[in-house]
Structure formats: structure tokens, C-alpha cells
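Where a number appears in this text, it was derived from the coordinates with a stated rule and is not lab data. Only a predicted model underlies this, so the values are computations on that prediction, with no experimental measurement involved. Neighbour counts are summed over all protein chains in view; Cβ atoms, including those assigned to glycine, are modelled from backbone coordinates with ideal geometry.
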Amino acid sequence: LSRQTTDVDTAFWSLSLRVGLFKNPLGTHRHPARTCRDLKLCRPEAESGQYWIDPNGGITEDSILVYCDFALNASCITPNQFMKWYSGRDGYKWFAQDLHGSQQFHYTSDPSQLLFLRLLSDRASQKITYHCRNSVAWYDSRSRDFDKSIKLKSGNGIELYAASSNKYKPTIIKDDCGVKDGKWRKTVLEVNTESTHRLPIVDIAVFDIGDRDEEFGLQIGSVCFS
């Protein structure tokens, strides 16, 4: 009887520990939090950094490593960066699809985890930096128009660019690419929305890249859900 009692006590203690870790996660691979916001609620002393989260609440083996920005209570997913250069006629080219042979940008997250993270979040944001040399990203100071602005393809397939309605238009943080003087410059755009299904950005179409001495590069920022 004492052996059975010991086994029952051990099982109960083990179950209690698991429940405790579920309610008070550590942010480790074996004991992930649901989101960074949940982790901060359970562990107020935690500092911003990399932690494991499990938005879909399934097996912990598919938990994902994210950057927790506790100043914003945000869970940030990093894209897989790649660079590509193009020479040819001006005209819209989708960066991932046309220039890199990929259907879309890839992020360090399982699609199921990304879906649940969207559902668990109230807001999403992401920055895109366009590095340019004689290549317009948004406003063209010579022609004084936005006809060559880049287009961002959202997670739900909507194209976000200069001619979009204010509802869909990205915020312009910095725009120096309208000047063509042979110097490297940059344009920084941000999408910050309560429609979390719009992010992450899955592709970018660039236009002003075909003429001589026109060069560009893209820096895809992390997508943060809060």
C-alpha cells in the first residue's frame, strides 16, 4: 500500500509541477509561454530578449524562438534575410517571386503558430528599409509624383503602396531615395495595424531598378505582435 501511495504522490507532484509551469511558464523550449505578453504577466522581472513561445498551445516541440520586447509586450518574429540585385528594364518586379524564385518571404515560424499569434494579438507592426542608389522607393523628386513607389504585399494579399487609401498606406519614417545623386540612401516604411492578419509582409514589388547605375537592397524587419 505504501508503494502505491508513493507512486500516486509522485504522479500528483509531477502533474502539479506541469500545471504550475503551464500557468507560470519559463519561456524555455520545454516550458514556453503562450506569448511574450503572457510571459511578462507571469514573470514581471523578465528582461527583453529571446524566449520560446507556443501560441497554438499544442505540443511544445513546435514552439518558436522569438524576441520578446517587453517595453511593448511584443512577440517579434525574424525573417530569413536574402539579397538580390537586378538589371533590366524598369517595371514592377516582385522581390521574392520574380527576382529570387520563391513564392514569398520566409519567417522563422510555423504557419500554425503564426496564425494563433495573430489571433492572440491586438496589434502588429513591421518596418521595411529600402537601400537605394539612384532608385526611387516612394516619392520621386524629379517627376514630383509617387508613380514609382514600391509595393508591399500583406499577409492577406493586399498591396500597400503610395496610391493606397490611407487605411492601407504604410507610414513613411524616412524617404531619401527620391534623390538621384549617385549616393547610397534609404527609405524606411512601417506598417502598424490592428488588423494583425496583414502582417508579416510576404513580398515587395520594386519598380525603379532597371536603368544604368540603379541599385537597391532590402532589409526586412522583424514582425512584432502585441
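The rows are residues; the columns are (1) more than 22 Å from Asn80 (Cα to Cα); (2) of a type outside the set (A, V, I, L, M).
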residue	(1), (2)
Arg144	yes, yes
Ala162	yes, no
Thr187	no, yes
Gln219	no, yes
Val223	no, no
### Message
Can you confirm whether Thr129 is touching a Gly at 6+ places or on another chain (Cβ under 8 Å) and of a type in the set (Ser, Thr, Tyr)?
### Response
yes
### Task
Report the residue count in region 170-195 for those that are touching a Leu at 6+ places or on another chain (Cβ under 8 Å) and under 23 Å from Leu114 (Cα atoms).
4
### Query
If we keep just the residues of region 108-130 that are outside any loop (DSSP other than H, G, I, E, B) and among the β-branched types (Val, Ile, Thr), which is nearest to Gly178 (Cα to Cα)?
Thr129
### Summary
Residues of region 147-187 being in contact with an Asp or Glu (Cβ under 9 Å, 6 or more places away or on another chain), among the hydrophobic types (A, V, I, L, M, F, W, C) and surrounded by fewer than 20 Cβ atoms within 10 Å (Cβ to Cβ), in sequence order, are Ala162, Ala163, Ile172, Ile173, Trp184
### Message
Out of the residues in region 154-211 meeting the condition of being aromatic (Phe, Trp, Tyr) and part of a loop (DSSP other than H, G, I, E, B), tell me which one is farthest from Tyr139 (Cα to Cα).
### Response
Tyr168
### Residue under evaluation Gln126, criteria (1) among the polar types (S, T, N, Q); (2) farther than 30 Å from Ser63 by Cβ; (3) touching a Leu at 6+ places or on another chain (Cβ under 7 Å), criterion not met
(2)
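Only residues that are among the hydroxyl-bearing types (Ser, Thr, Tyr) and surrounded by 19 or more Cβ atoms within 10 Å (Cβ to Cβ): list them for region 194-225, please. Steps first, please.
So in region 194-225, the residues among the hydroxyl-bearing types (Ser, Thr, Tyr) come out as 195-196, 222.
Of everything in region 194-225, those that are among the hydroxyl-bearing types (Ser, Thr, Tyr) and surrounded by 19 or more Cβ atoms within 10 Å (Cβ to Cβ) turn out to be Thr196, Ser222.
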